[in-house]
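S.K.: Below is one structure. I have some questions about it.
Values quoted throughout were computed directly from the atomic coordinates according to the rules given, and no laboratory measurement underlies them. From a predicted model like this one, the values you see are computed outputs, not experimental measurements. Note that each Cβ is placed from the backbone with ideal geometry, even for glycine, and that neighbours are counted across all protein chains shown.
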Amino acid sequence: MTEKLYYTIGEVSEMLRVNPSLIRFWEKEFPILKPQKNKKGNRLFVAGDIENLRLIYHLLKEKGYTIQGARDYLAKNKNEAETKKEIIQSLQKIRQQLIAIDRELA
């Protein structure tokens, strides 16, 4: 399966399991979100935009940051935040694999 170059706001909202209105809100609140727009004004997200949205989601929904707190954190520690998020995702995958192995052995 090949990755698309551009994703619509509907596709991105499904990936993140949030409403499109929340993505539009985050776009206003976070300067790192600058999706392109087509002639009709529809937002077109690239892979980098989606990663930024995932990072924002992680900070707000999983870590409990406020909007301002997440904005400040990203301004100072974006690379560190990305690394931590990747580590957490890797550990979650490993955990799922271990649970699957445990079920097979049981």
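S.K.: Count the lysine pairs in the chain whose Cα atoms lie under 22 Å apart, taking only pairs 8 or more positions apart in sequence or on different chains.
M.R.: Close lysine pairs found across the chain: 29.
S.K.: Okay, moving on. Give, as ranges by residue number, the residues of region 1-25 whose backbone N falls under 19 Å from the point 7 Å along Cα→Cβ of Gln36.
M.R.: Within reach of a label on Gln36, which here means backbone N under 19 Å from a point 7 Å along Cα→Cβ, region 1-25 contributes 2-13.
S.K.: Now a separate question. Enumerate the amide H contacts of Leu44 below 5 Å, restricted to partners 5 or more residues apart or on another chain; note that Pro and chain-start residues carry no placed amide H.
M.R.: So Leu44 has HN proximity to Gln36, Lys37, Asn38.
S.K.: Taking the Cα centre of region 9-77 as the origin, how large is its charge dipole in debye, to the nearest 20, when only Lys and Arg (+1) and Asp and Glu (-1) carry charge on their Cβ atoms?
M.R.: It works out to roughly 240 debye.
S.K.: Test of understanding: in a Gaussian network model of the chain with alpha carbons linked when under 10 Å, which of Asn38, Asn19, Asn77 would top the mean-square fluctuation ranking?
M.R.: Taking springs between Cα atoms under 10 Å, the residue moving most is Asn38.
S.K.: Distance in nm between label sites at Ala75 and Ile87, each 7 Å beyond Cα in the beta-carbon direction?
M.R.: In this crude label model, Ala75 to Ile87 measures out at 2.5 nm.
S.K.: Now a separate question. With each pseudo-label sitting 7 Å past Cα toward Cβ, what's the Leu44-Ile101 distance in nm, one decimal?
M.R.: 4.5 nm
S.K.: Give the Kirkwood hydrodynamic radius (Å, one decimal) of region 9-77, defined as one over the mean of 1/r across all pairs of different Cα atoms.
M.R.: Result for region 9-77, one decimal place: 12.3 Å.
S.K.: Let me have the 222 nm mean residue ellipticity of the chain computed from DSSP H runs of 4+ only, each contributing -39500 (n - 2.57), with the sum over all residues rounded to the nearest 500.
M.R.: -21500 deg cm²/dmol
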